[in-house]
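Just so it is clear, none of the values below were taken in a lab; they were calculated from the coordinates. Every value quoted in this text rests on a predicted model; they were computed, and no experiment measured them. Here Cβ is always computed from backbone atoms with ideal geometry, including for glycine, and neighbour counts include all displayed protein chains.
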Amino acid sequence: MSATGALHPRAVWERYATPSEWPSWAPQIRRVDSAQDRLAPGLTGRVHGLFGVTTDFEVLAVDDALRTWSWRVRSGPARLTLHHAVLEVAEGTQTTIEIEGPALVVLPYAPVAQVALRRLVRP
């Protein structure tokens, strides 16, 4: 899944790399609690979402130069691994996400993720 928008790739990457910024573009996120406010491998925390849903997370990998990162999220028995990339394109930025997990969780989450990706790449 992907989205393309006019925002510069550096700005998009900063929105990803700073967890406290996530609620500004991801409507399903209300707040993020973590020990530090910059993505780094091993960073853990909790995302507070809509309707009181919370998700624990661990960042698995971050590559600032390539603007890619991966994380594992868990809410109750549901577990997903998400891989993100920020790419420079003629129109500005393309951001992509690959979601690994059970279809029962991935399928309903995919439309929500698509909305967030679109908002992420817009000024």
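Data table
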{"read-out": "Separation of the T18 and D63 label points, Cα + 7 Å toward Cβ, nm", "value": "2.5 nm"}
{"read-out": "Whole-percent pair-distance distribution, where bins are 10 Å wide, for the alpha carbons of the chain", "value": "14, 49, 34, 4, 0"}
{"read-out": "Charge tally in the Cβ shell below 14 Å around R79, where Lys, Arg are +1 and Asp, Glu are -1, R79 excluded", "value": "-1"}
{"read-out": "Relative contact order [Cα under 8 Å, 6+ residues apart], the chain, whole percent", "value": "30 percent"}
{"read-out": "Cα centroid of the range 5-19 to Cα centroid of the range 27-66, whole Å", "value": "15 Å"}
{"read-out": "Cut-off 17 Å, label 7 Å out along Cα→Cβ of V89, residues of the range 3-29 by amide N", "value": "3-13"}
